[in-house]
Amino acid sequence: MKRVLKALGQTLSQSILLVCTLAFIGLLSLAVVPSQAAYAGQDRSQAQPEAKITDPAESFEDLNPQAAYEEIVKTSQNPAKVEKAYDESLKEYKGEHPQEGIVQKAEDLIEKVTGN
């Protein structure tokens, strides 16, 4: 029985020593390895574009939010105008994003077949 307990104690102490050694090596590798530069993958021969700083007051005045709000209120009061505004917005979106998916192609084909 003493032999079993002695062997078990040795095995336990060796495994604890091994875990502590591995933890120490892991912490040491974190401290020794330097961090990489933030611009390591960029080509430094090209100048980075400078951001254009605009005056928020100018752009806000150009937007004229009160007129835009009144236009939206007028449009929302008439359902025909809402649908027309939606169709215009949809055409503008399709002009900017010309890719058609399979669903859009199927809808167009159904419209051709049904005549709507």
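Taken along the Cα-to-beta-carbon direction at a fixed 7 Å, the label points for ILE25 and VAL4 span 3.4 nm.
Here the residues GLU111, GLU96, ranked from fewest to most Cβ neighbours within 10 Å of their Cβ, fall in the order GLU96, GLU111.
Taking Cβ atoms as reference points and 15 Å as the exclusive limit, the residues near GLN10 contribute a net charge of +3, counting Lys and Arg as +1 and Asp and Glu as -1. Stretched out straight at 0.36 nm per residue, the stretch from LEU18 to GLU70 would grow longer than its current Cα-Cα span by 11.3 nm.
Rule-based calculations on the coordinates, nothing more; no lab input. This one's a predicted model, so the numbers in the text were calculated from it and none came from an experiment. Glycine also receives a Cβ, built like all others from the backbone with ideal geometry; neighbour counts cover every protein chain displayed.
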